[in-house]
There are 2 protein chains.
Amino acid sequence: MPTKKKPQVTAAPARRRELLDTAAEVFAEQGYNATTVRKIADHAGMLAGSLYYHFDSKESMLEEILRTFLDELWAGYDTVLDAELDPRETLEALVTESFREIDRHRAAVAIYQKESKQLVAQERFGFLAESQRRFEKAWLSTLERGVAARVFRADLDMRLTYRFVRDTVWVAASWYRPGGQHSPEEIARQYLSMVLDGIAVRE
Amino acid sequence: MPTKKKPQVTAAPARRRELLDTAAEVFAEQGYNATTVRKIADHAGMLAGSLYYHFDSKESMLEEILRTFLDELWAGYDTVLDAELDPRETLEALVTESFREIDRHRAAVAIYQKESKQLVAQERFGFLAESQRRFEKAWLSTLERGVAARVFRADLDMRLTYRFVRDTVWVAASWYRPGGQHSPEEIARQYLSMVLDGIAVRE
DNA sequence: ACGCTTCCCTAACAAGTGTTTGGTAGGTTA
DNA sequence: TAACCTACCAAACACTTGTTAGGGAAGCGT
């Protein structure tokens, strides 16, 4: 007797996306562990059990949310990296792209920031670890290229600089609200100005 | 009939501190909600119920951890602020002091970062909101003094700069490990160098 | 020897958790 | 009309959660 076919693999993902979006927002707001499937169902206007028609577990919702986000993120990053710009342009493009992703996937980014550290331990979320490696490689190599080309300072610890830039950008997801007074591009511009030139007045 | 006197208010806090330290580390590692009292008890070498001899709830452990941290943080900050240094020296001192606190209270800082946003909603943790207001005021006024004194750039959005500096510093708690190759002061020095002067090469 | 305090254990509790099972109203297809 | 699929509900399941009540062993003062 075959297991009853559930729609998660094949069927029209219209409703799925809706549910995933609301789930993502609840996850981001309350934290994954503090979010019960009943709360998600409430926000979606249905009962807890009904979620299991669309998904086969709470964890699989989380996985799909993060996977979708990372897929789009890397689509954007790869476009930038393949353009073979010079180091400074690459950094600017990566930062700008990052803020655009925060704009589009604010909930998923917030979830990623809060939970990824504990999730990478599970084999199910191994794709997070792989993404992190690619991420570090992309940023670190850009910084190193910049140092070699004498456009970035050589007197800084490279790994420290990497974490500095990375965190600086992505923590913004914790306070950023789409539709605020600054567009992602405007925020990126000011952040880049601070990161590249500093906040002190030049002599 | 009076409630049985528990030692949390009066007695020798030696054992309490030990238990709070291990609780803080488990909270920081697994997240508050994902941490069960049984896990904390495991790490402490005792059973779940025994914790309730020292504390009256899981939440009160969390509160005491955060309160202890914030008390020490403000002791340090107030010393800096009362010294009435010029804006740049104040900023440098605040950043350095922040990294020292991260060094001393790494677990508490990590917990604060992850959970404070959801905790401030509860009245029990109202002291977090008050601390945040003082915090913002201290940093923002330092930045504004710096702009007025023409040592910090005037062309930046002040609130954006504040969040930039704040996040830049405190996110470090997520990867910082005491006893690493860099001392808190050394990390502060490099961070300040980046924040003040930027990572780009000067002409 | 006695009482008292400190610190922990054993055993259970009620509430809440993710998940499953069977059912059903409404629309679509044959 | 009959068969079927979609999307949900109602009710329960086994388990985990924070917490409590009662007890007991060890140490200390008297």
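Computed from the coordinates by the stated procedures, all read-outs in this text should not be read as laboratory data. Being a predicted model, the structure only gives us computed values, none of them experimental. Using ideal geometry, Cβ is built from the backbone for each residue, glycine included, and neighbour counts are taken over all protein chains shown.
Think of the range A:58-197 as a dipole: +1 on every Lys or Arg Cβ, -1 on every Asp or Glu Cβ, centred on the Cα centre; then among A:Gln113, A:Pro178, A:Phe135, A:Gln113 lies furthest on the positive end. Across identical copies of the chain, A:Glu123 has label-point separations of 5.0 nm, listed in ascending order, with the point defined 7 angstrom from Cα along Cα→Cβ. Descending by average beta-carbon neighbour count within 10 Å, the peptides A:186-192, A:38-44 line up as A:186-192, A:38-44, the highest first. Every helix of 4 or more DSSP H residues in the protein assembly as shown counts as -39500 (n - 2.57), and over all residues that averages to -22000 deg cm²/dmol at 222 nm. Given the pairs A:Lys117/B:Lys117; B:Lys39/B:Lys137; A:Lys114/A:Lys137; A:Lys58/A:Lys137; A:Lys137/B:Lys58, which are separated by over 29 angstrom at their Cα positions? Distance filter (> 29 Å) returns B:Lys39/B:Lys137; A:Lys58/A:Lys137; A:Lys137/B:Lys58.
Between A:Ser57 and A:Gln132, what FRET efficiency follows from the Cβ-Cβ distance if R0 is 22 Å, with the result rounded to 0.05? That gives a FRET efficiency of 0.40. Centroid-to-centroid, using Cα positions, the range A:166-203 and the range B:154-197 are 14 Å apart. Sorted from nearest, the other copies put their B:Asp155 label points 2.4 nm away, the label point being 7 Å from Cα in the direction of Cβ. In a DSSP loop and with at most 10 other Cβ atoms within 10 Å, the trypsin sites (Lys or Arg not before Pro) in the range B:96-152 are B:Arg150.
Shielding value for B:187-198 is 5, the average number of Cβ atoms from other chains within 10 Å of each residue's Cβ.
Projected label points at B:Arg189 and B:Arg202, each 7 Å from Cα along the beta carbon direction, are separated by 1.8 nanometres. Note on B:110-122: average number of Cβ atoms from other chains within 10 Å of each residue's Cβ is 2.
Among the chymotrypsin sites (Phe, Trp or Tyr not before Pro) found in the range A:159-190, those both in a DSSP coil and sparsely packed, with 14 or fewer other Cβ atoms within 10 Å of their Cβ, are A:Trp175. Axis of helix A:184-197 versus longest Cα principal axis of chain A: the two differ by about 40°, to the nearest ten degrees.
Approximating the spin labels as points 7 Å out from Cα along Cα→Cβ, the B:Glu18-to-A:Ser50 distance works out to 5.3 nm.
When A:Pro13 is represented by a point 7 angstrom out along its Cα-to-C-beta vector, the spacings to that point in the other copies are 5.3 nm, nearest first.
Between the helical axis of A:126-148 and the dominant principal axis of chain A, each derived from Cα atoms, what acute angle in degrees is found, rounded to the nearest 10? It works out to around 10 degrees. If you wrap chain B in the convex hull of its Cα atoms and look at it from every side, the mean projected area works out to 14.4 nm². The angle between the Cα long axis of helix A:14-30 and the longest principal axis of the Cα atoms of chain A comes to about 60 degrees, rounded to the nearest 10.
For the range B:95-150, build the convex hull from the C-alpha positions and give me its volume per residue in Å³.
88
What does the charge add up to near B:Gln118, with Lys and Arg as +1, Asp and Glu as -1, over the other residues with Cβ less than 11 Å from its Cβ?
+1
Using Cβ point charges alone (K and R +1, D and E -1), the dipole size of chain B about the Cα centre works out to roughly 700 debye. A Gaussian network model of chain A, with springs between Cα atoms under 10 Å, assigns the largest mean-square fluctuation among A:Ala23, A:Ala173, A:Ala14 to A:Ala14.
Mean per-residue shielding of peptide B:22-28 is 0, counting Cβ atoms of other chains within 10 Å of each Cβ.
Can you bin the protein assembly as shown into rounded, prolate or oblate? Criterion: square roots of the alpha carbon gyration tensor eigenvalues sorted a ≥ b ≥ c, rounded for a/c under 1.5, prolate for a/b above b/c, oblate for the rest. Here the protein assembly as shown falls in the oblate category.
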